[in-house]
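A.B. asks: I'd like to ask you about the structure that follows.
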Amino acid sequence: MTEINPNAARLIALLAEGDVATETLTVEEWERLIALAQQHNVAPVLYARIKKRGGPPPPVIAEQLRQIYLASAIRNLNLFQELGKILRVLQAANIPVIPLKGACLAEKVYGNIGLRPMGDVDLLIKQNDLAQALGALRSLGFACERSFDPIAEQTVSQYMLPLSKPGGLRVEMHWTIMCPRYKGHFENGDLEQLWSRAKTATIGGVSVLMFSPTDLLLHLCLHTSVHHRFDFAGLRNYLDIALVIHRYGDVIDWKQFTALANKWVIANGVRLALQLTEEWTCTSIPASVWDALEADPLDDVTMDWVRSKILDSGSLALKSEVVRFEGKAHFVDKLSVLRRALFPPRSEMAWKYPAPADSWRVLCYYPVRFMVLWMRYRQAMWQLLRRDRKLITEARREAHLRDYLGWD
């Protein structure tokens with residue numbers, strides 16, 4: 001295993017409540033540690049861990065951490081007040097809703113909404129209720145930045161375009177939990193069973209539904225591995241998973257968990273997410289889980305690549321079609337990737353640009369797309385053409401990871 005940098009190792013140890021000699025840290029080292037914690041969206045938890053362990057840091061550092069925590073608490077308090085209004089409007093319209101990720105975790109798992117930073121609010125709504133739910137949110141002043149085609153978008157995404165209002169939070173309404181572009185086996189019946197297993201919970205002062213502990217854990221593993229391919233949010237994702245296990249360990253049905261991961265063909269990503277959680281948070285995963293997950297072996301090089309992506313972040317190019325272009329061995333396959341990048345289906349264009357998929361206007365945005373791709377990735381493409389060793393190596397590792405996770 002490639003050795004991670006000392007600052008990241010120190011942060012991981014503190015989050016896991018390990019033995020760290022913080023008394024020897026200089027103010028500059030503390031500031032680098034705090035900056036890294038903010039990058040990984042875990043600074044409020046770092047504050048709580050340091051406060052719990054005693055032996056406070058230098059006063060200037062202690063105050064800096066306290067201010068970060070207070071800012072998170074104030075922001076989330078405002079978000080939850082707005083969330084409560086949304087949930088009450090949906091409740092009044094008899095629309096079942098399941099708050100996802102942060103909106104659920106901050107209150108029900110972390111137990112302190114200030115500890116879990118939130119960027120927006122994700123809500124799972126039944127497909128037949130989407131139009132009515134959209135009207136309910138519009139009555140509160142929420143709007144989308146552009147028009148969209150909900151029918152067409154269901155072929156390219158698992159959620160609608162974000163809704164927002166001036167000074168308020170962003171809301172993403174999901175109709176499913178699996179991206180339709182992923183090659184998994186998640187069907188309408190699986191979604192219906194998720195709803196049937198959901199439990200009543202109070203979130204934002206409103207009685208709503210919440211995933212069962214087993215489904216909650218599985219969704220978090222799915223989200224960080226399959227959906228985001230271990231990009232974004234950093235260590236926060238694995239802290240989320242660890243705290244769900246600590247909070248609900250006695251009632252998580254691990255047999256059902258592994259059976260669903262295998263059935264949905266997400267076992268590779270789930271195993272990798274759990275492995276990193278166990279490695280970085282000292283959370284114990286039952287041995288039976290490793291035996292039951294039908295996951296393919298993962299080589300050490302790709303495993304190290306995943307660690308480096310999470311801890312060090314990656315370039316924008318490695319989150320794009322550039323990876324697929326380099327990952328294809330044959331020239332014809334490379335041309336296919338290039339064609340797909342330049343001429344995506346109309347449904348996908350309607351997701352990205354303000355024109356319905358069945359309108360001639362969507363054709364006008366293809367030149368816009370060419371220009372955007374050129375401005376964004378011209379340097380990366382030039383590096384590939386001149387066979388830049390570092391980018392090629394990283395692109396091939398990323399391509400292998402995508403294959404492993406089940407992305408085309």
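A.B. asks: I'm told ALA131 meets every condition in (1) touching a helix residue (DSSP H, G or I) at 6+ places or on another chain (Cβ under 6 Å); (2) closer than 18 Å to ASN94 by Cβ; (3) surrounded by fewer than 19 Cβ atoms within 10 Å (Cβ to Cβ) except one. Can you identify the failing condition by its number?
C.D. replies: The single condition ALA131 does not satisfy is (1).
A.B. asks: Related question: All but one of (1) more than 20 Å from ARG197 (Cα to Cα); (2) surrounded by 17 or more Cβ atoms within 10 Å (Cβ to Cβ); (3) touching a residue at least 60 places away in the same chain (Cβ under 8 Å); (4) not small (Gly, Ala, Ser) hold for LEU100, so report the exception by its number.
C.D. replies: (1)
A.B. asks: Name the residues in the stretch 254-300 that are crowded, with 20+ Cβ neighbours inside 10 Å and either in contact with a strand residue (DSSP E or B) (Cβ under 6 Å, 6 or more places away or on another chain) or among the β-branched types (Val, Ile, Thr) (or both), would you?
C.D. replies: Matches in the stretch 254-300: THR258, ILE266, VAL270, THR277, THR281.
A.B. asks: Among the residues in the stretch 63-73, are any of a type in the set (D, E, K, R), farther than 17 Å from GLY205 by Cβ and free of Cβ contacts under 8 Å to residues at least 24 places away in the same chain?
C.D. replies: Checking the stretch 63-73: at least one residue is of a type in the set (D, E, K, R), farther than 17 Å from GLY205 by Cβ and free of Cβ contacts under 8 Å to residues at least 24 places away in the same chain.
A.B. asks: What helices (runs of 4 or more DSSP H) completely inside the stretch 1-83 contain at least 1 residues that are in contact with a helix residue (DSSP H, G or I) (Cβ under 8 Å, 6 or more places away or on another chain) and hydroxyl-bearing (Ser, Thr, Tyr)? Spell out how you get there, then give the answer.
C.D. replies: Numbers: elements: 6-15, 27-39, 43-53.
Helices (runs of 4 or more DSSP H) meeting the threshold: 43-53.
A.B. asks: Right, here's the next one. Of everything in the stretch 370-408 that's more than 15 Å from VAL337 (Cβ to Cβ) and of a type in the set (Lys, Arg), which residue is surrounded by the most Cβ atoms within 10 Å (Cβ to Cβ)?
C.D. replies: Step by step, filter the stretch 370-408, then rank; the result is ARG397.
A.B. asks: Let me ask another. Is it the case, given these coordinates, that MET118 is aliphatic (A, V, I, L, M), farther than 19 Å from LEU217 by Cα and surrounded by 20 or more Cβ atoms within 10 Å (Cβ to Cβ)? Reasoning before the result, please.
C.D. replies: Numbers: aliphatic (A, V, I, L, M): yes; farther than 19 Å from LEU217 by Cα: no; surrounded by 20 or more Cβ atoms within 10 Å (Cβ to Cβ): yes.
It is false that MET118 is aliphatic (A, V, I, L, M), farther than 19 Å from LEU217 by Cα and surrounded by 20 or more Cβ atoms within 10 Å (Cβ to Cβ).
A.B. asks: Taking only the stretch 93-113 into account, find how many residues are assigned to a helix (DSSP H, G or I), out of contact with any helix residue (DSSP H, G or I) (no Cβ under 8 Å at 6 or more places or on another chain) and at pLDDT 95 or above.
C.D. replies: Number of matching residues: 0.
A.B. asks: So if I check each of VAL337, VAL372, VAL332, which one is modelled with pLDDT under 75, out of contact with any Phe, Trp or Tyr (no Cβ under 8 Å at 6 or more places or on another chain) and of a type in the set (Val, Ile, Thr)?
C.D. replies: Values: VAL337 fails: out of contact with any Phe, Trp or Tyr (no Cβ under 8 Å at 6 or more places or on another chain); VAL372 fails: modelled with pLDDT under 75.
Going through VAL337, VAL372, VAL332 in turn, the sole match is VAL332.
A.B. asks: Hey, ALA92 hits all of (1) in contact with a Pro (Cβ under 6 Å, 6 or more places away or on another chain); (2) of a type outside the set (Ser, Thr, Tyr); (3) loosely packed, with under 15 Cβ neighbours inside 10 Å but one; which does it fall short on?
C.D. replies: Failing condition for ALA92: (1).
A.B. asks: Considering only the stretch 273-311, how many residues are of a type outside the set (Ser, Thr, Tyr) and without any contact (Cβ under 8 Å) to a residue 60 or more places away in the chain? Before you say what the answer is, go through the steps one by one.
C.D. replies: Applying the first criterion (of a type outside the set (Ser, Thr, Tyr)) to the stretch 273-311 yields 273-276, 278-280, 282, 285-287, 289-301, 303-307, 309-311.
Next, only the ones that are without any contact (Cβ under 8 Å) to a residue 60 or more places away in the chain stay: 273-276, 278-279, 285-287, 289-295, 297, 299.
The number of residues fulfilling the criteria is 18.
A.B. asks: Any idea which of ALA273, ALA267, ALA287, ALA261 is closer than 22 Å to GLN39 by Cα, outside the structural domain of LEU46 (by TED's automatic domain parsing) and among the aliphatic types (A, V, I, L, M)?
C.D. replies: Numbers: ALA267 fails: closer than 22 Å to GLN39 by Cα; ALA287 fails: closer than 22 Å to GLN39 by Cα; ALA261 fails: closer than 22 Å to GLN39 by Cα.
Exactly one of ALA273, ALA267, ALA287, ALA261 is closer than 22 Å to GLN39 by Cα, outside the structural domain of LEU46 (by TED's automatic domain parsing) and among the aliphatic types (A, V, I, L, M), namely ALA273.
A.B. asks: Just the residues that are modelled with pLDDT of 95 or more, of a type in the set (D, E, K, R) and over 21 Å from ASP300 (Cβ atoms), please, taken from the stretch 248-285.
C.D. replies: If the condition is that a residue be modelled with pLDDT of 95 or more, of a type in the set (D, E, K, R) and over 21 Å from ASP300 (Cβ atoms), then ASP253, LYS255, LYS263 are the ones that fit.
The values are calculated or read from the model by the stated rules, or taken from the named source; none is laboratory data. The shown structure was predicted, so the numbers you read here are calculated from the model rather than taken from an experiment. Glycine gets a Cβ as well: all are built from the backbone with ideal geometry, and neighbour counts include every protein chain shown.
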